[in-house]
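Only the coordinates and a few stated rules stand behind these numbers; no lab work does. No experiment lies behind these values; they were computed from the predicted model shown. In this analysis, Cβ positions are derived from the backbone assuming ideal geometry, glycine residues included, and neighbour counts consider all displayed protein chains.
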Amino acid sequence: MEPLAWTVGQPREPRADAVRNRLHLLDTAREIIADVGADKLTMDGLAERAELGKGTVFRRFGSRAGIFQALLDDADRGFQESVLAGPPPLGPGATPLERLIAYGRSRFGFMLEHRDIARAALGGTQPLPMDGAVSMSRMHIRMLLGQIGIDGADLDLLAVQLSAALDGPLLLYLSSADLSDGVDRIVLRAGRGWQDLVQRVCRD
């Protein structure tokens, strides 16, 4: 009697219609946000405008916050490409400290540019930290900290603390009054604060 063979297949590719529906829903969500704002986007409204069943929306995203997380992940791909293969100091070619400073400055700018979507993605229906951008920040910061070399530091925990300073929490603490002077000014101030923090942490 031949022994049973356990065959692990490749993960199945999403069906073509599922991929089309997801892209259509994301495009429709962007249209709704552009027309009436992120706070007016609902699961029912998205399904109705996209002319798809509400069950399809739930299968694709799971929750209202899931829609915004998918939108944020989609926008984040370009940012990640700049980090991995773009010009220095954000991309490879600069010193680790220069890259760490540039990463924080650029990440603040990205998150504030997409602040309405990012805030809505923190809907309390998913565990924190979320996948995607947050874990990418943590891994990238951990790599740079290792290259810098900080004697006696718990680099894994330090990477968690620094990544937490970049994603999510800043958006929760910024009020409309904070943004009244303009997003560019907030990005500049946040970038200076990040540089000061990183230089103090990495000081010999």
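K54 sits among other residues whose Cβ lies under 9 Å from its own Cβ, and their net charge, with Lys and Arg +1 and Asp and Glu -1, is -2.
Which FRET efficiency value, to the nearest 0.05, do you get for M143 and R192 by plugging their Cβ-Cβ distance into 1/(1 + (r/R0)^6) with R0 = 22 Å?
About 0.40, to the nearest 0.05.
Seen from A38, the other residues with C-beta closer than 14 Å to its C-beta sum to a net charge of 0, counting Lys and Arg as +1 and Asp and Glu as -1. For E48 and D178, the FRET efficiency from 1/(1 + (r/R0)^6), where r spans their Cβ atoms and R0 equals 25 Å, is about 0.10.
Here the spin labels are modelled as points 7 Å beyond Cα on the Cα-Cβ line, and at V19 and L158 they lie 4.3 nm apart. With both labels modelled 7 Å from their Cα along Cα-to-Cβ, the V36 to V201 distance reads 4.1 nm. With neighbour counts taken as other beta-carbon atoms within 10 Å, the residues V19, V160 rank, fewest first, as V19, V160.
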